[in-house]
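The structure appears right after this line, and notes come after that.
The values are calculated or read from the model by the stated rules, or taken from the named source; none is laboratory data. On a predicted model such as this, the values are computed, not experimentally measured, just so you know. Neighbour counts run over all protein chains shown; Cβ positions are idealised from the backbone, glycine included. Note: areas computed on protein heavy atoms with side chains; ligands, DNA, RNA excluded. Shrake-Rupley method; radii C 1.70, N 1.55, O 1.52, S 1.80 Å.
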Amino acid sequence: QVQLLESGGGLVQAGESLRLSCAASGSISSIAAVAWYRQAPGKQRELVAAVTSGGATRYAASVQGRFTISRNNAENTGYLQMNSLKPEDTAVYYCNAAIRTRAFRPADDYWGQGTQVTVSS
């Protein structure tokens with residue numbers, strides 16, 4: 001059984017920074033991709049950032065230049081560094097990972113439980 005555990009959310013003021021972590025545990029052969037999504041009240045869940053196993057990244061236009069996604073393959077952990085936070089970044093942030101539990105098998109999709117990020121003006 002694979003689990004994703006997020007941490008690092010909280011309440012900050014506009015302009016401040018937060019770093020989210022996503023630790024994967026369980027029977028893991030490899031992690032193909034790691035992504036962060038967010039969902040604000042009354043809105044659909046949206047992709048914030050993603051990173052492949054090779055290190056290629058992509059970002060939502062709204063966070064480009066402010067957020068940085070990274071991963072530590074040896075520790076099965078993903079990160080989202082969020083700088084210059086704005087009130088519109090307020091949302092529940094979810095970690096998503098495509099994980100192979102056995103070599104040469106297709107990766108399955110896993111989600112964390114979510115962590116609240118609140119940015120006050």
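Would you mention how many residues in the stretch 95-112 are surrounded by 12 or more Cβ atoms within 10 Å (Cβ to Cβ) and not small (Gly, Ala, Ser)?
Of the stretch 95-112, the ones surrounded by 12 or more Cβ atoms within 10 Å (Cβ to Cβ) are 95-101, 107-108, 110-112.
This time we only want the ones that are not small (Gly, Ala, Ser), so: 95-96, 99-101, 108, 110-111.
Summing the residues that are surrounded by 12 or more Cβ atoms within 10 Å (Cβ to Cβ) and not small (Gly, Ala, Ser) in the stretch 95-112 gives 8.
I need a count of the residues in the stretch 38-50 that are part of a strand (DSSP E or B) and surrounded by fewer than 21 Cβ atoms within 10 Å (Cβ to Cβ). Quick ask: steps written out before the conclusion?
At the first step, the residues of the stretch 38-50 found to be part of a strand (DSSP E or B) are 38-39, 46-50.
After this cut, where a residue has to be surrounded by fewer than 21 Cβ atoms within 10 Å (Cβ to Cβ) as well, the list is 39, 46-47, 50.
Looking only at that region, the number is 4.
Within the stretch 1-28, which residues are outside any strand (DSSP E or B) and surrounded by 13 or more Cβ atoms within 10 Å (Cβ to Cβ)?
Correct list: 2, 8, 9, 14, 16, 28.
Checking the conditions here, which among 66, 58 is farther than 15 Å from residue 8 by Cβ, at pLDDT 95 or above and open to solvent by 50 Å² or more (accessible area, probe 1.4 Å)? I'd like the intermediate steps shown before the answer.
Details: 66 fails: open to solvent by 50 Å² or more (accessible area, probe 1.4 Å).
When all the criteria are applied, what remains is 58.
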